[in-house]
1. Which strands (runs of 3 or more DSSP E) does segment 93-150 wholly contain that include 1 or more residues that are among the polar types (S, T, N, Q) and modelled with pLDDT under 95?
2. For residues that are small (Gly, Ala, Ser) and touching a Gly at 6+ places or on another chain (Cβ under 9 Å), scanning just segment 46-98, find the one that is farthest from residue 143 (Cα to Cα).
3. Can you tell me which residue among 28, 42 is modelled with pLDDT of 90 or more, open to solvent by 60 Å² or more (accessible area, probe 1.4 Å), under 27 Å from residue 131 (Cβ atoms) and not in a strand (DSSP E or B)?
4. Under 8 Å between Cβ atoms, at least 6 apart or on separate chains: pull out the pairs that start in segment 112-132 with a residue that is on the phi > 0 side of the Ramachandran plot and end on any residue that is part of a loop (DSSP other than H, G, I, E, B).
Amino acid sequence: MRHRPLFFRPALSLAALLAAGCSAAVLTSQSGDIASHHARWTSHGLARYAYDFRVTGYFISYAGHVIHLVVDGGVVTSATDVTTGQPAPGPAAQWPTVDSLFARASAAAAAGALHDISYDPALDYPTQFGTNGPPDASGTTFASGVHPLP
């Protein structure tokens, strides 16, 4: 077996440290990106809106179902499973507002679990973000069709 010279080992350690520094920079950049999109979303001033929410993964009963949410004054007031036409499980207020989606994405980024995120080009809300973790904490969240309500 051929051994590398001793001077090569510190170079590998330095490369590992630089790589770790790069991933921290990416995380900081990603967190800043989330914050800037959130600020733009907030600037639209939508107090009453509706949107469709869906998750895949996470081992939950409604995974894959489209849930139509109505938000009024920062609280979800109605949650309907589009597949069945029935109210979604649990109280409506437990379902996420768009601001809650930003909070979830930020928390995942801070934990190093956010692997991708995309935004609506007009309203800047997160349309999709994926998280890595244990099987019950991994999946993708989708939001679509945000529109203001009278």
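The values are calculated or read from the model by the stated rules, or taken from the named source; none is laboratory data. Predicted model, so just to flag it, every value in this text is computed and none were measured. Every residue, glycine among them, receives a Cβ derived from its backbone with ideal geometry; neighbour counts consider all protein chains shown. Ligands, DNA and RNA are excluded from the accessible area calculation, which covers all protein heavy atoms including side chains. Shrake-Rupley method; radii C 1.70, N 1.55, O 1.52, S 1.80 Å.
1. It comes to 126-131, 139-148.
2. Applying the filter and picking the extreme gives 47.
3. Within the list 28, 42, the selection yields 42.
4. 124/44
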